[in-house]
Structures are given as C-alpha cells and as structure tokens.
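J.: One structure, as structure tokens, below. Some questions next.
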Amino acid sequence: MQSAAPTTTDPAADPLQRERDHLADSRAALRAMREDAEQLDISDVAGTWVTQQVLHDQIQRRIAALADLLHTPLFFGRLDFLHTIGEDVSEGAGGDRVYIGRRHVHDAGGDPMVIDWRAPVSQTFYQASRKEPMDIAKRRRFGYTGGELTAYEDENLSDPAEQATSSALLAAEIEKPRVGPMRDIVATIQPEQDEIVRADLGGTVCVQGAPGTGKTAVGLHRVAYLLYAHRERLAKAGTLVIGPNSSFLSYIEQVLPALGELEVAQSTVQELVAHVEVRAADSAEAARIKGDARLAEVLRRAVRDGITLPTEPCVVVRGSRRWRVPAHELVEIIEELRGRDIRYGAAMAALPQRIAHTVLLKMEQGGEAPDDRVQDAVARSREVKAVVKACWPAVDPAKLVFRLLGDPEFLARCAEGVLTPEEQAAIAWPKPGRSVRTAPWTAADAVLVDEAADLVERTHSLGHVVLDEAQDLSPMQYRAVGRRCTTGSATVLGDLAQGTTPWATASWPEALRHLGKDGAHVEELTTGFRVPEQVISYASRLLPAIAPGLAPATSIRTGQDALTIRRAEPGELTEGVLLACREALEREGSTGLIAADARLPELAAALDRAGLAYLTPGTETTAEARLTLVPASLAKGLEYDYVVLDEPAAVVAGEPDRRTGLRRLYVALTRAVSGLTVLHAEPLPAELD
C-alpha cells in the first residue's frame, strides 16, 4: 500500500496531478450535464398541461440532482481491473479502469467518467479483498481536504508480495471532525454494511447495531441504493425515513440529497399519527398499556360495537310497486359482512349494494328486467340508507377513541377479557373533556386513533420504509409503521441496549411480528467505526444489566486518550463541566455537552455567564458555533467529536426505573467520535465499576 503527494508540476509524471485533472474534467462534465438539462425545451411536447407540468417537475428534479457540491468529493475511489470489463457488467464503463463516486458522470460522447457507487461494478470496490480480489489489480482511495484532492492510497490486491496494512485514508475519513449535519459514508462502506445496503427490495431487513457501527448510515444508503435499482417502482409507491425526533431528522436530512436523492420523505412516528392534537402526557404505566398490542383487539371491538341486527323488514318503493326484504334476510347480509375480514368502511359501503342486489333479485322474480342503474338507485334510496344508518353506523376514529377513554362502561364492554379492571382504570381519562378538540390527548392516544382509522379505512402503503431507533417503539407504534408498508418492505434499525422507553423492544422477532414482517432477516453489526475502543469498552460494562443477550461491541479505533473521568467536589461540578467544554473546544470538531434533562437549566445559565455560545440539538454546527447542549433524552442517534457528560447518576435517576436509566446512560456514553470526558460529584453507577 502506498500514498502519494505532489512532487512535480508535470502532469505526465505526477499521478496525483493526473487524478486532479480527471476531477476537474469530471466536474466540467457534470456542469455540462446540468446545463443540458436546464436547456431542455418542452414547449412543443404534445399532451395536456398536466403532462407538461409532470415533465417540468421531472426536469427540475434532474437539475437539482446534478448539483455539484464543491466541498463533497465527486469521486472517492478508483478500480484498475486485471481484464477488460464487459459492458454487461460495467453498465458502459468500457475499459479496465473506473472511478467510483456519488453519482454517474459522463462526457459529451456518453462515456462514463465517474460510475455511481450503486452500480453493480462498484460493488467490487467494497467487497474485493486480498483473499477475494474479484479481478481487481489495484484499488485506489482518494483523500480530500474540503473539495481539493490532496492524496491517494493504493492497494495492489492481486500482488501476493504486498503486505496487507490498514488504510490510513479510510481511517482519516472515518475520523474526520463532525461539524455540520451527518455525512454520507459511501467512501467508507465496509463489506458487511454493503451486503445490507444492497439487499433485495422484496424482503425486510432488521439491523441490530451497536453504537458507532453505522446502522443509521446503512439504512439511508440502502434507500439510495433501492431508489437506484428500483426507481420506477419506488417513485410510484414512495419511500419514507422514520426517525425518533425532529432533532435526529435534522441531523440526517442532508445525507440523501448529497447522494442525489431528493424525493425521500422524513417523519417521526408522532407526525405519522397526527390525527389529534397532543395536549397531555401519560404516566409510564398508562403509556405502556396503551402501547400494548392487546389494544388492537379492544379497538376492533369498539369499531364494531355499533353494529346492530334489524328486527323490521326493509320496504323499497319503486314506482307503483313495493319490494320487501324480510328482517331475517337483512340479518344474513349483515352477519356475512361482519364475519368477513374487511375494513369497517368497506363493509359499510358494500351493505347498501348487497341489500339493493337482494331487491333486484326479487324484481327479476317479479317479471321485471332491472339493470345496474336500478341497483345503484335502490342502494341510494331513503329506505336502504335508513337501514344502513341504523345497523352499520359511520365511525369517526377520533370520536370513537374519545368515547373509549372517556366512557368507563364502553371501555369495560370492549376490553372484557382483554384488559384487567386495573388496566382499564389506568388508561381511562379522569377528565375526558367536552369534545374531541378539547380532550386530553396523549402521544399514545394518537396511535390508538391511527389504529381505529385503519380499521375503518385501509392506510396507504408505501414501497419502502426505513425505521430508525426502532427499539423504542411500542407494539402499537410498530403496527402504525407496519400499516405504511403492508405491500412494501422495510429496513428496521436499532440497538436493544439503547431502548429507553418503559415499553422498549425485548427482541427483534417480537418487534417484527408487530410490524407485520414475521420472518424478516436480522443482521447484527458489532464492529464500530465511530466510537473509540476505550469508550465503547467502558460503556459496555453496562450491557450485563441492560441487555444481557448482546455481545459487546468492538471498535477499529484504538485511541489511548479517548476517555477521561473526573471527580468533582460537591458544588464544583458545573465549573468542572465548563472547564471540560473549553478544553474540548480548543480541538477541531464539534462538542456535545450531554446532561440529564433536569440539569439543563442550570448548565444553560452557567454557559451564558461564561460567555460560551451553544446550540440546541438539530441545529447545524458551524466553525463559529461548535458546542451543543444536549438533554440526555434527545442524545440518541447524534454524534459529536468530543462529548462532555455531566453527572451520570443524574442521567440514571431521571428515568422511571433503573434499567431504563442505565440504558439512557449507555446512549450518552457512546456519542463521542474522538473523546469523552465524564464529570461527576455523585458516585458513579456501580455497574460501571
């Protein structure tokens, strides 16, 4: 393996300069591609104004996708093959040398200058090794400073005389300071990550990933890959990334646009189920019960509770004749619909047609020859509508849940044999409010409304859903997400050790069952690329108490001075935290000050007095503002070059039970990329000894 730096100004004799020239030529070709797209004229295209608008929107998306991000390398690798690649393999590479980058770039003649990292030929960049060189003579990685190509590094994979060593450029890219939002990892994807990224669209994949293993990045890059490989299908069905909170979504929102993908929606679970305004909070016990999958059966009963069987016939008047449907025939129709596994609303829509069809049969028996128009007219008749309204009344999901939680008798009837009287009392509203608008809705209630809405009308399914930090979802929340991908697939990302809700997932098979994806493949990532070994080893002391079935994570990063633990005297903790923040800010990169939520006001005031500017989670760091004050409850999924952790005992005490508190602490301990400083006045949790 070798690296190079410029030694001469003669491009013919300077390999680095030749690579820089190729970069300049590729950027020029990308600008030409963008200009060609901008000059497209669709004014003479035949079709309606709708067609023209669709074409215009597609062109605008194409132009946006061809933007050249000057501080983002256009290519990051090169492959020199032993033999000429066939066009069926390289998708037009046409030679034995290809450059691998974030998007496809071709010259004026259509020949590729940069191959998209998602193309089949690019997979060898990630999968080739000395043991399996995959016809690669040389793999070259490039080093950049800003957008400037500054170095390269070669691996002669087919040369048995060359000794295998670790990649300095790969390590440098992984350890690059975290200023700004999350970056893509196309230059550093590892073989085990690449296999997950390129898994087939047809199946759901679950990734159990320890801190720093790149599971979030893998999920986002999987979306980008699937959009490349199945663009037409997913363009119609849609894709969605679901994160735990808005701060997390803000942090990851630039990854897909940097890869040229602009059409992927992002949401939290709470935003997905925003049928009602959340105005209150549940106790931990109430939230746990409301999140239990048993509530699905309670709601199913509640939705169908209003169905009644008729005792009188339905008499339809048509001209001078009266057609009578006896009560027992109406009962048979309703019982048949009630026994079928179809949505309540679909059955309600079918009921008048079924009654009308019965009337038509009687009309035919009476010598008439009615057609479909007559059946539709009968279905819309006052008499049939009256039967439907009385026997199969319309259901408003929010009003239904309002009644369920506000009417103890109704709840008892629907929950009989499902919830105990104590559980019913725990979830019932003590003061229901006067209407749906003023009800004390909680986040868990909104999920119940979403379940009821799906029981009435089927929820629209997307082509693919990525669910991140999935370990914190309740069974009912899993069902809500699963409804969004019933006909599509999902990528489920999480870490059982980081579950910090009272209803946190106990096992992935159980979670996947609630999601509606039984039998999905579970992959485990245990090799870390972000958290230093010293830090992850320290945090892993908590695993026997918080997730005894998980193997401790390892890290490829072995910094010896990555962990500092300081004891402060009572009353001097805050000053010690300020000192640690100043020390961290003397280094390059971002700093996160993580503390128990209850400690934030005091720390914020201290930072203000000290003149240390700070940001809130989700706000993009800049060269001028690199310190973020992070409540422990929002730290999950975020990362900082340096982390100052305030009072671990307070983080643990801030949760309703010790296991959840230790899991919250585990999250906080594993947010650092380069260094972690732990400050405490109270004794550290015994599990860390």
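J.: If you go through region 463-490, how many residues are over 13 Å from the mean Cα position of the chain (by Cα) and of a type outside the set (Lys, Arg)?
T.: Selection size over region 463-490: 9.
J.: Return yes when Pro352 is open to solvent by less than 50 Å² (accessible area, probe 1.4 Å), under 16 Å from Cys314 (Cβ atoms) and at pLDDT 95 or above and no when it is not.
T.: Yes.
J.: From (1) at pLDDT 95 or above; (2) open to solvent by 40 Å² or more (accessible area, probe 1.4 Å); (3) over 26 Å from Ser246 (Cα atoms), pick out the condition that doesn't hold for Ala584.
T.: (2)
J.: Of the residues Ala428, Ala415, which is free of Cβ contacts under 8 Å to residues at least 24 places away in the same chain and farther than 30 Å from Leu227 by Cβ?
T.: Criteria check complete, one pass: Ala428.
J.: Given the conditions (1) over 30 Å from Ala443 (Cβ atoms); (2) out of contact with any Phe, Trp or Tyr (no Cβ under 6 Å at 6 or more places or on another chain); (3) surrounded by 18 or more Cβ atoms within 10 Å (Cβ to Cβ), which single one is not true for His275?
T.: It fails just one condition, (1).
J.: Going through region 471-511 one residue at a time, which ones are among the aliphatic types (A, V, I, L, M) and open to solvent by 10 Å² or more (accessible area, probe 1.4 Å)?
T.: Leu473, Leu496, Ala504, Ala506
J.: Let me ask you something else. Within region 630-640, identify whether any single residue is at pLDDT below 95 and part of a strand (DSSP E or B), and answer yes or no.
T.: Yes, region 630-640 has at least one match.
J.: Which members of region 600-612 meet the condition of being open to solvent by 40 Å² or more (accessible area, probe 1.4 Å) and within 31 Å of the chain's Cα centre (by Cα)?
T.: Scanning region 600-612 gives a single hit, Pro601.
J.: Scan region 663-689 for residues that are polar (S, T, N, Q) and open to solvent by 10 Å² or more (accessible area, probe 1.4 Å) and report the count.
T.: 2
J.: Okay, next question. Under 17 Å from the mean Cα position of the chain (by Cα) and part of a loop (DSSP other than H, G, I, E, B), is that true of Thr500?
T.: Answer is no for this residue.
J.: What are the residues in region 568-578 that are part of a helix (DSSP H, G or I) and small (Gly, Ala, Ser), if any?
T.: Scanning region 568-578 gives a single hit, Gly576.
J.: Hey, can you tell me all the residues within region 452-486 that are part of a loop (DSSP other than H, G, I, E, B) and either among the hydrophobic types (A, V, I, L, M, F, W, C) or without any contact (Cβ under 8 Å) to a residue 60 or more places away in the chain (or both)?
T.: Answer for region 452-486, where residues must be part of a loop (DSSP other than H, G, I, E, B) and either among the hydrophobic types (A, V, I, L, M, F, W, C) or without any contact (Cβ under 8 Å) to a residue 60 or more places away in the chain (or both): Thr459, His460, Leu462, Leu473, Cys485, Thr486.
J.: With the checklist (1) surrounded by 18 or more Cβ atoms within 10 Å (Cβ to Cβ); (2) modelled with pLDDT of 85 or more in hand, flag the one item Leu169 doesn't pass.
T.: For Leu169, the failing item is (2).
Residue-by-condition table, conditions (1) under 30 Å from Trp508 (Cβ atoms); (2) open to solvent by 10 Å² or more (accessible area, probe 1.4 Å); (3) not in a loop (DSSP other than H, G, I, E, B):
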site: Ala539; (1), (2), (3): yes, no, yes
site: Leu550; (1), (2), (3): yes, yes, no
site: Asp561; (1), (2), (3): no, yes, no
site: Arg566; (1), (2), (3): no, yes, yes
site: Ala580; (1), (2), (3): no, no, yes
site: Gly592; (1), (2), (3): yes, no, yes
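J.: Given the conditions (1) open to solvent by 80 Å² or more (accessible area, probe 1.4 Å); (2) touching a residue at least 12 places away in the same chain (Cβ under 8 Å), which single one is not true for Gln365?
T.: Here Gln365 meets the rest and fails (2).
J.: Here's a follow-up. Would you say Thr621 is modelled with pLDDT of 95 or more, hydroxyl-bearing (Ser, Thr, Tyr), open to solvent by less than 40 Å² (accessible area, probe 1.4 Å) and outside any helix (DSSP H, G or I)?
T.: no
J.: Pairs only if they're at least six apart or on different chains, beta carbon under 9 angstrom, first in region 246-275 and more than 24 Å from Arg61 (Cβ to Cβ), second polar (S, T, N, Q) and open to solvent by 40 Å² or more (accessible area, probe 1.4 Å); list them, first residue then second.
T.: Close Cβ pairs (under 9 Å, with a partner that is polar (S, T, N, Q) and open to solvent by 40 Å² or more (accessible area, probe 1.4 Å)) amount to Ser247/Thr616; Ser247/Thr619; Thr268/Ser246.
J.: May I ask you to list pairs of residues, at least six apart or on different chains, whose Cβ atoms are under 6 Å apart, with the first in region 370-382 being touching a residue at least 12 places away in the same chain (Cβ under 8 Å) and the second being part of a helix (DSSP H, G or I) and open to solvent by 60 Å² or more (accessible area, probe 1.4 Å)?
T.: From residues that are touching a residue at least 12 places away in the same chain (Cβ under 8 Å), the pairs are Ala379/Gln353.
J.: Tally time: how many residues in region 364-409 are charged (D, E, K, R), farther than 16 Å from Glu329 by Cβ and assigned to a helix (DSSP H, G or I)?
T.: 9
J.: Considering region 103-139 alone, what residues qualify as being out of contact with any strand residue (DSSP E or B) (no Cβ under 8 Å at 6 or more places or on another chain), buried (at least 17 other Cβ atoms within 10 Å of the Cβ) and charged (D, E, K, R)?
T.: Correct list: Arg118 only.
J.: Here is a follow-up. May I ask you to list pairs of residues, at least six apart or on different chains, whose Cβ atoms are under 7 Å apart, with the first in region 13-27 being farther than 10 Å from Leu149 by Cβ and the second being among the β-branched types (Val, Ile, Thr) and at pLDDT below 90?
T.: From residues that are farther than 10 Å from Leu149 by Cβ, the pairs are Asp14/Thr7; Asp14/Thr8.
J.: Among the residues of region 654-662, are any in a helix (DSSP H, G or I), out of contact with any strand residue (DSSP E or B) (no Cβ under 8 Å at 6 or more places or on another chain), open to solvent by less than 30 Å² (accessible area, probe 1.4 Å) and free of Cβ contacts under 8 Å to residues at least 40 places away in the same chain? Full working, then the answer.
T.: Kept after step one, since they are in a helix (DSSP H, G or I), are these residues of region 654-662: 658-662.
The next check asks that each one be out of contact with any strand residue (DSSP E or B) (no Cβ under 8 Å at 6 or more places or on another chain); those that pass are 658-662.
Next, only the ones that are open to solvent by less than 30 Å² (accessible area, probe 1.4 Å) stay: 660-662.
Among the residues that remain, those that are also free of Cβ contacts under 8 Å to residues at least 40 places away in the same chain are: 661.
Yes - at least one qualifying residue is present in region 654-662.
J.: Still on this model: Criterion first (within 26 Å of Gly592 (Cα to Cα), surrounded by fewer than 21 Cβ atoms within 10 Å (Cβ to Cβ), of a type in the set (A, V, I, L, M, F, W, C) and out of contact with any strand residue (DSSP E or B) (no Cβ under 9 Å at 6 or more places or on another chain)) does Ala258 satisfy it?
T.: So Ala258 fits the description; yes.
J.: Then there's this: Is it true that Ala265 is small (Gly, Ala, Ser), farther than 30 Å from Pro352 by Cα and open to solvent by 30 Å² or more (accessible area, probe 1.4 Å)? Full working, then the answer.
T.: Numbers: small (Gly, Ala, Ser): yes; farther than 30 Å from Pro352 by Cα: yes; open to solvent by 30 Å² or more (accessible area, probe 1.4 Å): yes.
So Ala265 fits the description; yes.
The values are calculated or read from the model by the stated rules, or taken from the named source; none is laboratory data. In this text the structure is predicted, and so the values were computed from the model without any measurement. Every residue, glycine as well, gets a Cβ built from its backbone with ideal geometry; the counts of neighbours run over all protein chains shown. Remember, those area values only see protein heavy atoms, side chains included, never the ligands or the DNA or RNA. Shrake-Rupley method; radii C 1.70, N 1.55, O 1.52, S 1.80 Å.
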